[in-house]
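To keep things clear, I will list the structure first and then write my remarks on it.
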Amino acid sequence: MAASAIETRSIDRVPPSERHGRPWDQFTLWFGANAQITAIVDGALAVVFGADAFWAIVGLLVGNVLGGTVMALHSAQGPKLGLPQMISSRAQFGVLGAVIPLVFVILMYVGFAATGTVLSGEAINLIIGTDNRAVGIVIFGAATAVLAILGYRYIHALGRVATVLGLLGFAYLSVSIFTRFDVSHAIFVKPFELSTFLIAVSVAAGWQLTFGPYVADYSRYLPQETSKRRTFWYTFAGSTIGAQCAMTIGALAGGLSAAGLGGSFLKNQVGYMGDLGGGGLLALAIYVMIVTGKLTVNCLNAYGSFMCSVTISTAFTRRTKPASGNAG
């Protein structure tokens, strides 16, 4: 496959002659997919459910490590099999039996895409200065469709951009939080409670586990001799570090909001993050980071939905290969 080619492999097994890439690419893809506004909201939810922000952050870390371990194990099978993630479920459920989990996974993709589109649409509207919610949603939806159609290489490229913006954005937000606010009002304000701590663990672990149906879709093009260990660790590191960075910002934002500092996070998550960044051009930079990170994971949702839909169709048509077409 030429470097600039639109992907055409669809759910077919990727032959050795078309394998390319490095395990490092898994880090940037999964960091970018996790460095996004929904992960920030999940981090804040751990505080909303009653945990102290500090213990929420610790619980989120435990959950990300536990869930990320299971998630990244799926990535290791990509180079060996060269197949998308969910078509592999036929080994456990059979060709027709696998249709059931495939349908549920598509519903999950659609649900995640819907929430992401709304939040990113808000960020786009704030960037371009319009109150018409439909404008941001349409722009974001169109960008998702184009990148998902282009396929694998372009999604990985977007992940690299989102990783750079995410690292810069989270670093700046961290500095902003600790220099503009008295963080002592947000942490250690409640004693440790096992029940709320476990809620924080489950929030993060559940977040990571929901990536299970995605993972091998983006490691299947790696050369077959690629180290399983390196594939696992780069995927694990990208997903857990990206999610933990976002959720930590969210937990701190939730704690500050609960203390009456910076406004109400839950009522206006996107706007709150812009204000947290300092407003003005800095807020615009935060909105761009939000859109880029959310676009990365939304492309995964669209791409995965297509893969699952084609897998379902071949179960009933009994074709061994889908009709020629793009993978996205």
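Could you go through the range 166-178 and let me know if any residue there is in contact with an Asp or Glu (Cβ under 8 Å, 6 or more places away or on another chain), over 15 Å from residue 247 (Cα atoms) and not hydrophobic (A, V, I, L, M, F, W, C). So that I can check it myself, show each step before the final result.
Step one: filter the range 166-178 for residues in contact with an Asp or Glu (Cβ under 8 Å, 6 or more places away or on another chain), giving none.
So far as the range 166-178 goes, no, none of its residues is in contact with an Asp or Glu (Cβ under 8 Å, 6 or more places away or on another chain), over 15 Å from residue 247 (Cα atoms) and not hydrophobic (A, V, I, L, M, F, W, C).
When residues of the range 194-231 are filtered for being within 23 Å of residue 39 (Cβ to Cβ) and either in contact with a Lys or Arg (Cβ under 6 Å, 6 or more places away or on another chain) or not small (Gly, Ala, Ser) (or both), how many remain?
Within the range 194-231, the subset within 23 Å of residue 39 (Cβ to Cβ) is 195-219, 231.
Filter again for either in contact with a Lys or Arg (Cβ under 6 Å, 6 or more places away or on another chain) or not small (Gly, Ala, Ser) (or both), leaving 196-199, 201, 203, 207-211, 213-215, 217-218, 231.
Matching residues across the range 194-231 total 17.
Output the residues belonging to the range 79-106 that are polar (S, T, N, Q) and in contact (Cβ under 8 Å) with a residue 40 or more places away in the chain. Let's see the steps before the verdict.
Within the range 79-106, the first condition is being polar (S, T, N, Q), and the residues that meet it are 85, 88-89, 92.
Across the range 79-106, the qualifying residues are 85, 88.
Only one residue in 112, 49 is more than 21 Å from residue 34 (Cα to Cα), of a type outside the set (S, T, N, Q) and open to solvent by 70 Å² or more (accessible area, probe 1.4 Å). Which one? If you could, list the steps in order and put the result at the bottom.
Values: 112 fails: more than 21 Å from residue 34 (Cα to Cα).
Being more than 21 Å from residue 34 (Cα to Cα), of a type outside the set (S, T, N, Q) and open to solvent by 70 Å² or more (accessible area, probe 1.4 Å) holds for just one of 112, 49, which is 49.
Mind listing whichever residues of the range 124-141 are in contact (Cβ under 8 Å) with a residue 24 or more places away in the chain and open to solvent by less than 60 Å² (accessible area, probe 1.4 Å)?
Our first condition is that a residue be in contact (Cβ under 8 Å) with a residue 24 or more places away in the chain; within the range 124-141, this holds for 124, 126-127, 140-141.
Selection gives 124, 140, 141.
Collect the residues in the range 161-186 that are outside any helix (DSSP H, G or I) and crowded, with 22+ Cβ neighbours inside 10 Å, keeping them in residue-number order. Walk me through it before giving the result.
Filtering the range 161-186 for residues outside any helix (DSSP H, G or I) gives 181-182, 186.
Listed by number, the list holds a single entry, 186.
How do the pairs read when you match residues in the range 142-155 that are surrounded by 21 or more Cβ atoms within 10 Å (Cβ to Cβ) with residues anywhere that are among the basic types (Lys, Arg), using Cβ under 7 Å and keeping only pairs 6 or more apart or on different chains?
Cβ pairs passing all conditions: none.
Go over the candidates 237, 285, 253 one by one and state the one that is within 22 Å of the chain's Cα centre (by Cα), modelled with pLDDT of 95 or more, assigned to a helix (DSSP H, G or I) and among the small types (Gly, Ala, Ser).
Values: 285 fails: modelled with pLDDT of 95 or more; 253 fails: modelled with pLDDT of 95 or more.
Selected residue: 237, the only one of 237, 285, 253 that is within 22 Å of the chain's Cα centre (by Cα), modelled with pLDDT of 95 or more, assigned to a helix (DSSP H, G or I) and among the small types (Gly, Ala, Ser).
Take the residues in the range 1-46 that are modelled with pLDDT under 85 and in a helix (DSSP H, G or I); name whichever of them is surrounded by the fewest Cβ atoms within 10 Å (Cβ to Cβ).
Per the stated criteria, the residue is 17.
The values are calculated or read from the model by the stated rules, or taken from the named source; none is laboratory data. No experiment lies behind these values; they were computed from the predicted model shown. Reconstructed Cβ throughout: ideal geometry from the backbone, glycine too, with neighbour counts over all protein chains shown. When the accessible area is computed, the model is the full protein with side chains, heavy atoms only, and any ligands, DNA or RNA have been set aside. Shrake-Rupley method; radii C 1.70, N 1.55, O 1.52, S 1.80 Å.
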